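We did not get these values from a lab; they are worked out from the coordinates using the rules stated. Predicted model, so just to flag it, every value in this text is computed and none were measured. Note: ideal-geometry Cβ built from the backbone for every residue, glycine included; neighbour counts use all protein chains shown.
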Amino acid sequence: MAKKENILDRDKVRKIQKIERIILSKKDMYPVQEFLNRKKSGDILDVVVKTILSQNTSDNLRDIAFENLKRRFKDMREILRADEAEVVELIRVCGLPRVKLKRIKSAIQRIIERFENPEELCKLTKDSAFSFLTSIDGIGPKSAEVILAFGCGFDTFPVDTHVSRIIRRLGIADGSREKIYRIVSPHFKNKILSHVFLIYHGRNVCRARNPRCDLCVFRRYCDYFMKSKGEGF
């Protein structure tokens, strides 16, 4: 019988529960609430476009590209009829402009073909909305979860570079971001809050290079810390 790779054992589930308790008790370490105030903010097409622009770039460059579009277009549907060369220049700052424009146009087209009012996407169940979004070229699980959280107000657990790095170092799960999302997400009860906390933690403490383990609130449960430092608390 094939190994059930999408199921966590009890010890790892308990570790997630401990990590989440720490997140809830330490959430004021980072501007988590400020970030969460953006939840369910803005037009759904704005959120879709901004999410695609954010792929493989920094938040700052994404925001510049998005503001360029907002100054030029009152409604993101106008991008479908706009001159491609012009739009490419507007979003060039965030990288891969032609790829991202293709994805943006594909996403907008699919959404307006399916829904008379794009906001109706958010009236679907979370699972149905997720399935629809991930069927669009260029929107993977992480992007879909972000759209559902900040476009529709669903409680989701997107797995980005920072989240996946922390989950791996804790010894909870390994593999691709998509695999980590599948097996870890169901066990977080406060999903978007935990996601946002872990993003800040990955940027400030559990960095890809030179992680600041001495400042980490998770070190007691971290496999990486135990192996690299050879001590626990």
- Task: Report, ordered by chain and residue number, the lysines lying within cross-link reach of residue 126, taken as a straight Cα distance under 22 Å and ignoring same-chain residues fewer than 8 apart.
- Result: 39, 40, 50, 142, 179, 189, 191
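Order these peptides, 108-114, 69-75, by their mean beta-carbon neighbour count within 10 angstrom, highest first. The partial results should precede the final answer.
Numbers: 108-114: 15.7, 69-75: 13.0.
My ranking of the peptides, most packed first, is 108-114, 69-75.
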- Item | Answer label for mean projected area of the Cα convex hull in nm² (calculated), chosen among (i) 14.3; (ii) 12.5; (iii) 17.2 | (i)
- Using the 10 angstrom Cβ neighbour count as an exposure proxy, how do 35, 66 rank, fewest first? 35, 66
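Which order results if 146, 205 are arranged by neighbouring Cβ count within 10 Å, fewest first?
Details: 146 23, 205 19.
Listing 146, 205 from fewest to most nearby Cβ atoms yields 205, 146.
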- Note on the structure: Calc'd 3J(HN,Hα), region 221-227, phi into Karplus 6.51 cos²θ - 1.76 cosθ + 1.60 (θ = phi - 60°), Hz, glycine/Pro = x, comes to 10, 9, 4, 4, 5, 4, 6
- Candidate aspartates and glutamates for bridging to residue 102, where Cα separation is under 19 Å - those fewer than 8 sequence places away on the same chain excluded: 46, 63, 67, 75, 78, 83, 84, 86, 89, 113, 137
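What does the highest-first list of 121-132, 47-58 look like by mean Cβ count within 10 Å? Don't jump to the answer; show the numbers that get you there.
On the way: 121-132: 14.6, 47-58: 21.6.
Result, highest mean Cβ count within 10 Å first: 47-58, 121-132.
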- Task: Give a residue-ordered list of calculated ³J(HN,Hα) values for region 213-218 (Karplus: 6.51 cos²θ - 1.76 cosθ + 1.60, θ = phi - 60°; whole Hz; x for Gly, Pro).
- Result: 4, 5, 9, 7, 6, 9
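Rounded, prolate or oblate: which one fits region 95-172, using the alpha carbon gyration tensor with axes a ≥ b ≥ c (rounded when a/c is under 1.5, else prolate when a/b beats b/c, else oblate)? Walk me through the intermediate numbers first.
On the way: a/c = 2.85, a/b = 1.42, b/c = 2.00.
Oblate.
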